1. Starting from the Cα-Cα distance between Glu36 and Leu126, subtract it from 0.36 nm times their residue separation and give me the gain in nm to one decimal.
2. Among the aspartates and glutamates, which have Cα under 20 Å from the Cα of Lys143 when same-chain residues fewer than 8 positions away are ignored?
3. Using only protein heavy atoms and a 1.4 Å probe, report how much of Glu71 is accessible, in Å² to the nearest 10.
4. With a/c under 1.5 counting as rounded, go ahead and sort the stretch 1-71 into rounded, prolate or oblate using the C-alpha gyration tensor (a ≥ b ≥ c being the square roots of the eigenvalues; past the cut-off, prolate if a/b is larger than b/c, else oblate).
Amino acid sequence: MTDEKVFDLSVDADLDNLQIVRSYIDRRGAQLGVCESTLADLRLVVDEAVTNVVIHGYGDLGGKIEINMEEQGNSVIIRIRDRAETFDPSHVGAPQLDTALKDRPFGGMGIFLIKQMTDEAEFLPLAGGGNEIRLVKNGAIQKSD
């Protein structure tokens, strides 16, 4: 047996597939018992992460994005995997939150939002190239006795 987890969803890295990704998060979240407000946050976070992979990771090259969402206790773990160029989030500057919105450059909020709206956000390089984003939201699942 291997530690390799199965990914439930595989889509082409295309912004047109964001609705498929959102639907997967909604469907899988409902199966796991994720409360609606948390599900809305996870939908936004995954949307941001996948958009970044499409635009900044693959660019015009295209490729696949794989997603898995699972429970661990009352937490939800979402893994997003690609085979784009390795990404290091430490090279992304912090957003200029003290600057008026009209004076800020467009974009630059994705990583900030991802980190703010999850309890853990790990950006991991894959052996052989590519990336895996591991997102954890604690207390997302309300278990009934």
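1. Extending this stretch completely gives an extra 29.2 nm.
2. Hits, sequence-local ones excluded: Asp26, Glu36, Asp41, Glu70, Glu71, Asp119.
3. Ignoring ligands and nucleic acids, Glu71 comes out at about 80 Å².
4. In terms of gyration-tensor shape, oblate.
The values are calculated or read from the model by the stated rules, or taken from the named source; none is laboratory data. In this text, all values refer to a predicted model and were calculated from it rather than measured experimentally. Surface areas here come from the heavy atoms of the whole protein model, side chains and all, with no ligands, DNA or RNA. Shrake-Rupley method; radii C 1.70, N 1.55, O 1.52, S 1.80 Å.
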